[in-house]
Amino acid sequence: GNSGPALAMGLHTYLKEIAGLHLSWYGERLDLPDPPPRVPAPVRRSSWARHRYFLNYCCFSYSVAFWDWDQWERLIDWMALNGVNCPLAMTGQEAVWQRVCARLGLRPEQTRAFLPGPAYLPFGWMGCLDGWGGPLPARWCERHEELGRRILDRQRALGMRPVLQGFTGHIPAALRELHPDARVHTIRWHEWTTHLLDPLDPRFGAWAALYAEEQRRAFGTDHLYAADPFIEMVPPSGDPAYLSSLGRAIFDGIRTSDPQGVWVLQGWAFMDKREFWTQPRLEAFLEAVPSEHLLILDLHCEDRPMWSQTRAFAGKPWLWCNVQNFGRNTHLTAALEANNEGLMAARRHPERGDLRGLGMVNEGLCYNPVAYDFFFEQGWRDEAVDLAAWTRAYAHHRYGRASPEAERAWDLLRTAVYTRFQPERAEHLRRPSEAVAAVAEPRDGSLERAWQHLIAAADALADQDTYRFDLVNVGRQVLSNRATLLKQAMHKALAASDAARFEKLGRALVELLLDLDELAGTREEFLLGRWIEDARRWGDTPAERAQLEEGARRQITIWGHTDILRDYARKEWAGLLRSFYVPRWERYRAAGRAALAAGVPFEPAPFERDLLAWER
């Protein structure tokens, strides 16, 4: 191999294809025999993908916000074994800002008001909010700067080039007060307001250089910098000349301190605010940056690719990326077909532009290990595979032995939930009075039959951890889909003033959610307590531990003050179902029962007001 990730990918290929073992994010089989199986004939693989990127800003919130070194070490080694060579590395950035703010004359309390709490830090790096969920524990910055260095040391030792944070112009509100003549724009994201230093302000370059200096002192550099000034916000002006100056200023802030610097830009804004980012505006923004110093992540290619709508990002280098998961929802889905046929078709397309690799940009480390296992292999292929054959082989080495029942289950899973991307449909985890957006998928019973086949494989496979995880995970989705159907039927019964049916369905839904809680409780991966305890361990005092727990609980339930992001990061976790979702449904049942008894229509608005107060 000519790099650490290539060597590690070679080892992983041997473990899968020669030794018949399995290393997965959820579940593994690594009982290598002694002596290990010999390679019968040479196997040679090379990667077309110069960049094999991994992680999303949001993942540093929804999955790894409270991780320690042992958890990170396993993830980094797993990255290497999947050939990742460009991981996003955000851990410890708050320590950089702490020093920058001090050098700019801010008092410690002003810096604390700027930095979000641990569960929300990435949304601060993206310029979405300030201070929410804070302040950070007293020793948080110090301890996470040390953790960030360990992460980077390990990634670099394995031959990776980590992507660090770049300066976007997002600044603390206190700097606006300290420099009243500064040209600062107010930016709105949902319910939060932040401040953006205008790129034409003479301070922009100086503060960008200061940020780069402090970051390099703390973490070194591999010349890759993530900077997203408007991830889900609209710039203060649509004038192409202004957008060009903005792009140039951000790039100059990188280049002045690092002539080799490459700006890594998420293309999400071009999709999320498509009505704003017309082709002339997009080109003005991007063409201000030399191509060899820009790399664009086309974030949602499995569902809404933007390269084909933007002239391949005006010819700039870009990566085919896969979001896969929003908010670390517990939901079975993977776009195997799009990342198979679609990716290879894009590589052959005459208007593909400068496609340089691929990236898994998941908002959370989702519960679909097959999505990762397939996606990272695509970085080492030049042709699409037969998905049916690949899936059968996958089931074999995932479980360690042939099982006709497991093969039948995976044939059904492939077509039912793993062919295309499907948004999370756990309507029973949304507000009880909220209308059902969609009937549970799939509707043909194929997922239930897949679970039955997995159950039938128990005698042959029950000793395998990989099998036990899949058995619980598929069963969880089957029950989840049934719960959504019960919610839909409850709404109809309430609208029809059918009190008996409303009561019967309500009892059935609560019973089902308690079953789901019990099932999830058989796997460590689905425990609320693990998330809470990971958060609490970073506090040194009872008050800090309580605040960390509050932030951890808030993020997966109400998120903010209003209901805009409420239930966004919902989870089917043991403990959370029983202690939060079931009592919430009981309140809805009581309100519906009272309306039916009084003979008056159920009014969602007052119920919602009372419910939000209870949730808080």
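The values are calculated or read from the model by the stated rules, or taken from the named source; none is laboratory data. Just so it is clear, the structure is predicted and the values come from calculations on it, not from any experiment. Every residue, glycine as well, gets a Cβ built from its backbone with ideal geometry; the counts of neighbours run over all protein chains shown. We work out accessible area using only protein heavy atoms, side chains counted, and drop any ligands, DNA or RNA first. Shrake-Rupley method; radii C 1.70, N 1.55, O 1.52, S 1.80 Å.
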### segment 181-324, accessible surface, carbon-and-sulfur percent (1.4 angstrom probe)
49 percent
### Task
Please report how far the C-alpha centroid of segment 540-594 lies from that of segment 12-91, rounded to the nearest whole angstrom.
33 Å
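Please work out the Kirkwood hydrodynamic radius for segment 241-391, using every pair of different C-alpha atoms, and report it in angstroms with one decimal place.
16.4 Å
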### Message
Quick check on segment 159-298: take the gyration tensor over C-alpha atoms, sort the square-rooted eigenvalues as a ≥ b ≥ c, and tell me if it's rounded (a/c under 1.5), prolate or oblate.
### Response
oblate
### Where only C-alpha atoms are counted, convex hull volume of segment 217-318 per residue in Å³
106 Å³
### Sequence-separation-based contact order of the chain, relative, with Cα cut under 8 Å and 6+ spacing, percent
14 percent
#### Entry: Long-range amide H partners of Ile296 with built H, under 5 Å
Leu265, Trp318, Leu319
### Query
Using a ≥ b ≥ c from the Cα gyration tensor of segment 330-469 (square roots of the eigenvalues), is it rounded, prolate or oblate, where a/c under 1.5 gives rounded and otherwise the larger of a/b and b/c decides, a/b for prolate?
oblate
#### Entry: Antiparallel bridges, percent of DSSP beta bridges restricted to the chain (to nearest 5)
30 percent
### Task
Search the structure for amide H atoms under 5 Å from the amide H of Gln165, placed 1.01 Å from N in the peptide plane, and list their residues when 5 or more places away or on another chain.
Ala226
### Query
What is the Cα convex hull volume of segment 492-552 when expressed per residue in Å³?
124 Å³
### Task
Give the share of C-alpha pairs in each 10 angstrom bin for segment 47-169, from 0 to the last occupied bin, in whole percents, shortest bins first.
12, 45, 30, 11, 2
### Task
With just the Cα atoms of segment 508-616, tell me how far they stretch along each of the three principal axes, in Å, largest first.
54, 32, 22
### Query
Using bins 20 angstrom wide from zero, how does P(r) for the chain break down, in % of all Cα pairs?
19, 51, 28, 2
### Query
So what are the three principal axis dimensions of segment 19-65 from its Cα atoms, in whole Å, longest to shortest?
43, 29, 11
### Query
Percent of alpha carbon pairs in segment 396-482 separated by more than 19 Å?
42 percent
## Note on the structure
If R0 = 35 Å, then Tyr14 and Ala113, at their Cβ-Cβ distance, give a FRET efficiency to the nearest 0.05 of 0.10
### Query
lysines near Lys487 by alpha-carbon distance under 30 Å, same-chain residues fewer than 8 away left out - which ones?
Lys504, Lys571
#### Entry: Projected-area mean, segment 297-378, by convex hull of Cα positions, square nanometres
4.9 nm²
### Rg(Cα)/(2.2 N^0.38 Å) for segment 212-275, N = residue count
1.26
### Query
By average Cβ neighbour count within 10 Å, what is the ranking of 532-545, 358-371, 389-402 from highest down?
358-371, 389-402, 532-545
### Task
Please label the shape of segment 1-93 as rounded, prolate or oblate, based on the square roots a ≥ b ≥ c of the eigenvalues of the alpha-carbon gyration tensor (a/c under 1.5 means rounded; beyond that, a/b larger than b/c means prolate, else oblate).
oblate
### Query
Whole-Hz Karplus ³J(HN,Hα) for segment 207-221, in order, using 6.51 cos²θ - 1.76 cosθ + 1.60 and θ = phi - 60°, x for Gly and Pro?
6, 4, 5, 5, 4, 4, 5, 5, 5, 5, 5, 7, 10, x, 7
#### Entry: Set of lysines near Lys316 by C-alpha distance (under 20 Å), chain-local residues within fewer than 8 positions excluded
Lys273
### Query
What percentages, rounded to whole numbers, describe P(r) for segment 120-226 computed over all alpha carbon pairs with 5 Å bin width beginning at zero?
2, 10, 17, 20, 21, 15, 9, 4, 1, 0
### Query
Just the accessible area per residue of the chain, please: how many Å² with a 1.4 Å probe?
38 Å²
